[in-house]
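Below is one structure, written out as structure tokens; comments come after it.
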Amino acid sequence: MGELTDKIKGAVDETIGKAKQVIGGHNGDAELHQEGLIQEGKGKGEKLVGEVKGALGDDI
């Protein structure tokens, strides 16, 4: 994937993860809350990959 694609995908995963955390916390659903934490972390990682690709070029 390219730099922009990684950044967008990361932002989407991060946002969905945060939403799952809020919904899980509000409904007392610990599993959904944990799922949100994991998805948010995945999104942050994807955004970081996009930033690295931007700095180094898409050749990595």
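The values are calculated or read from the model by the stated rules, or taken from the named source; none is laboratory data. No experiment lies behind these values; they were computed from the predicted model shown. Cβ coordinates were reconstructed from backbone atoms using ideal geometry, including for glycine residues, and neighbour counts include every protein chain displayed. The area values use the complete protein model at the heavy-atom level, side chains included, leaving out ligands, DNA and RNA. Shrake-Rupley method; radii C 1.70, N 1.55, O 1.52, S 1.80 Å.
Considering every pair of different Cα atoms, what Kirkwood radius, in Å, is found for the chain?
11.7
Within the chain, how many lysine pairs that are 8 or more places apart, or on different chains, have C-alpha atoms less than 17 Å apart?
Here the count comes out as 18.
Report, in debye and to the nearest 20, how large the dipole of the chain comes out about its Cα centre when Lys and Arg carry +1 and Asp and Glu carry -1 on their Cβ.
In total the dipole reaches around 140 debye.
Per residue, what accessible area does the chain have, given a 1.4 Å probe and all protein chains present, in Å²?
Heavy-atom accessible area per residue stands at 66 Å².
What full-extension length gain, to one decimal in nm, is calculated for I23 and T5 as 0.36 nm per residue of separation minus the Cα-Cα distance?
3.8 nm
Which whole-number percent gives the relative contact order of the chain, counting Cα pairs below 8 Å spaced six or more residues apart?
Computed value for the chain: 47 percent relative contact order.
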